[in-house]
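This report concerns only the one structure given below.
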Amino acid sequence: MGAEIGATTSIFPFNSHMADYLNATNRSEIAQYFSQFLHNFQADKGAEYDDVINIVRQPTFESAIINVQFSQNLSDLEPHINGPFTPDLATPISKFAEEVQKNNWPQELKVALIGSCTNSSYGDMSRSASIAGQAAEHGLEVKSKFIITPGSEQVRATIKRDGQIGIFEAVGGLVLANACGPCIGQWDRRDTQKGESNSSAS
């Protein structure tokens, strides 16, 4: 989403943790390939940034603590909804109803999305499947359309293996191909007409 907020370039630096993950998920050849180009996947030396967030982690897994050195206590942050039209338009949940009324946004949520580039890891999928499973146990189904886009073929294959696709489908979910696009409404929609104002959330 860097380009959508004015960035000309966005880079996710490659490090040993990424290599460990690729090795653990049977993609060692990709980790080896990336290691040849490490110099291309690092931040520029001496680069200056408007904001810098340092995340420090304890070396042992058992005592893993993430300490974000930032100007605000993360436990005090209120959930926000970003958009519409641009990802840097953030509205606190407590003020969202007011903004909907003020801006005359459609009040009915047509589509809810899990996945794409936003929340598509196996961890995201498993947490969502847990909630969907609890809903199914109580005989509930989704009211709006509910679509799921895994973040990679590896994630799709893993949630199929672990039965999570079936859980999503039990509450009315539809698993699409793992691709970027649905989070901005870019898929084969047949629930609304072109040009019709509607709301979706991912």
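The values are calculated or read from the model by the stated rules, or taken from the named source; none is laboratory data. What you are looking at is a predicted structure, and each value in this text was computed from that prediction instead of being measured. Here the Cβ positions follow ideal geometry from the backbone for every residue, glycine too, while neighbour counts run over all protein chains shown. With ligands, DNA and RNA removed, areas are computed over all heavy atoms of the protein, side chains included. Shrake-Rupley method; radii C 1.70, N 1.55, O 1.52, S 1.80 Å.
Within region 86-124, the set of residues being more than 18 Å from the chain's Cα centre (by Cα) and on the phi > 0 side of the Ramachandran plot comprises just one member, 104.
Check 10, 16 and return the single one that is of a type outside the set (A, V, I, L, M), open to solvent by less than 80 Å² (accessible area, probe 1.4 Å) and within 30 Å of residue 85 (Cα to Cα). Residue meeting the stated conditions: 10.
Residue 92 meets all of the listed conditions (1) modelled with pLDDT of 85 or more; (2) exposed (fewer than 14 other Cβ atoms within 10 Å of the Cβ); (3) out of contact with any Pro (no Cβ under 8 Å at 6 or more places or on another chain) but one, namely (3). When residue 62 is tested against (1) in a loop (DSSP other than H, G, I, E, B); (2) open to solvent by less than 90 Å² (accessible area, probe 1.4 Å); (3) modelled with pLDDT under 75, exactly one condition is not met: (2). Applying the condition of being touching a helix residue (DSSP H, G or I) at 6+ places or on another chain (Cβ under 9 Å) and open to solvent by 70 Å² or more (accessible area, probe 1.4 Å) to region 128-167 and asking which residue is nearest to residue 200 (Cα to Cα) yields 141. Scanning region 95-120 for residues that are at pLDDT 85 or above and either under 20 Å from residue 2 (Cα atoms) or among the aliphatic types (A, V, I, L, M) (or both) turns up 97, 100, 109, 111, 112, 113, 114.
On the stretch given as region 1-45, residues that are assigned to a loop (DSSP other than H, G, I, E, B), without any contact (Cβ under 8 Å) to a residue 24 or more places away in the chain and charged (D, E, K, R) total 2. Looking only at region 75-85, residues that are modelled with pLDDT of 80 or more, part of a loop (DSSP other than H, G, I, E, B) and either of a type in the set (Val, Ile, Thr) or open to solvent by 50 Å² or more (accessible area, probe 1.4 Å) (or both) come to 2 in all. The residue that is surrounded by the most Cβ atoms within 10 Å (Cβ to Cβ), counting only those in region 168-202 that are closer than 22 Å to residue 96 by Cβ and small (Gly, Ala, Ser), is 200.
Conditions (1) at negative phi; (2) touching a Lys or Arg at 6+ places or on another chain (Cβ under 8 Å); (3) touching a residue at least 60 places away in the same chain (Cβ under 8 Å); (4) of a type in the set (D, E, K, R), marked per residue:
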position	(1), (2), (3), (4)
142	yes, no, no, no
145	yes, yes, no, yes
163	no, no, no, no
167	yes, no, no, no
174	yes, yes, no, no
183	yes, no, yes, no
187	yes, no, no, no
